[in-house]
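Below: the structure, in structure tokens.
Quick note: the coordinates plus some simple rules give every number you see, no bench work behind them. It should be emphasised that the depicted structure is a prediction, and the values quoted were computed from it without experimental measurement. Positions of Cβ are generated from backbone atoms using ideal geometry, with glycine treated the same way; all protein chains shown enter the neighbour counts.
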Amino acid sequence: MMERCRLAVLIFSTCWTLHAGVAYAQEGPAMGQDRPATLEKALEDKPAVRSEKRPYTLTVGVREWISQGRSAHNIGDSSVNVRSELTWRGMNSPITEINGDLVVERFLLNMALGYGTIGNGTLRDQDWDGSNRTLKFSETLSQSDHGSVLIFSVTPGVRAFEWTAPDNPTLGGIDVLLGYQYWREQYAAYGVQNIFPGGPTTSSSVNALTQTNHWHSLRFGARATVPLLSFLSFKASAFYIPVNYYRQDDVHHLRSDLQQNPSFLSTASGGNGVQLEGSVAVRVWRQLTAEAGYRYWDIKSGQGDVTQYNANGTISVGQHNVDNTRRQGVFFGINWIF
């Protein structure tokens, strides 16, 4: 009896095994069609761009701005409306910028930090005894070197419209933004070449003047991001600066009649400015894009006061008229979209 039971169990096990094998042979190919057979096939089938709806989008980028700059600053007093003017030309600087852009639902935050050095420009220093730039009595030229540019901005905003393009990691949208920007430019002049006959001239290795401009600005504007194809996008932005606070520190290293930290201090509020930018972005690989474009910045201060600090401890106050600083040029960058 026991032998029969064992035989029955063996026959049942063998039949069940054969049945399972046949079923697997019949169903295996059909199931294999629904999933990749190899790792390479799995990678090929994986989409290049994340297509699911994400609660946020974070873009981190590095940009190199090959910028050209110039700045002009003039002051006056009670008797002459433009007494002195400093004009800096060729303040060119390759500015390296790190930026981040976070979009959560309809809200967004953009942050940027940039720094670059300035060299090989010129300073033209002119002085007049008559109003409206008449009766000029002094004019000198100096070489500029060892300057720098520092930029920092925090700009929140709202995404008014949003859309996507198939297989493009860049989200399309139109944004409205309002934020703060700090922009500092420092110039250093070396040597003095006097244009007037008989005037003093110094060696080009001597630091004659250092000027530092600080701009604290409120800016608002709009930007548009348009994904055109799966690999191509267009971006543009326009900001207006309705008001800014301006401070300038001047150190005249060769003037013994003035203090050296600073020699002149100019402050002003008001002013205005514009900042324009346009670029084209190409998807290089998955969420990695390469970008190239052009940026133009132009900012003006309002009127204010200029304080002269004399070496004997006394001060005198004059009129700060205006400072106008411009910077423009092409830029190149890479971005990774999370």
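Couple of notes before you dig in:
- Average projection area in nm² (convex hull over Cα atoms of the stretch 110-240, one quarter of hull surface): 12.0
- The residues neighbouring Gly114, those whose beta-carbon lies less than 10 Å from its own, together hold a net charge of -1 under the Lys/Arg +1, Asp/Glu -1 convention.
- Dipole of the stretch 57-337 computed with +1 at Lys/Arg Cβ and -1 at Asp/Glu Cβ about the Cα centre; of Asn312, Thr96, Val251, farthest Cα towards the positive end is Thr96.
- Pairwise FRET efficiency - Ala290 versus Ser316, Cβ, R0 = 45 Å, nearest 0.05: 0.25
- Between the stretch 56-83 and the stretch 143-171, the Cα center-to-center distance that results, in Å: 18
- Positive minus negative residues near His253 (Lys, Arg vs Asp, Glu; Cβ under 15 Å): -4
- Distance between the modelled labels on Phe152 and Ala238, one decimal in nanometres: 3.1 nm (7 Å Cα→Cβ projection).
- Histogram of C-alpha separations across the stretch 266-338, 10 Å bin width, %: 17, 25, 20, 17, 13, 7, 1
- Full extension of the chain between Ser269 and Leu109 gives 54.9 nm of extra length, using 0.36 nm per residue less the Cα-Cα distance.
- Based on C-alpha pairs under 8 angstrom that are at least 6 apart in sequence, the stretch 57-337 has a relative contact order of 18 percent.
- Put a dot 7 Å past the Cα of Phe220, heading toward its Cβ, do the same for Thr164, and the two dots end up 3.2 nm apart.
- Val176-Asn261 pseudo-label distance in nm [points 7 Å out on the Cα-to-Cβ vector]: 4.8
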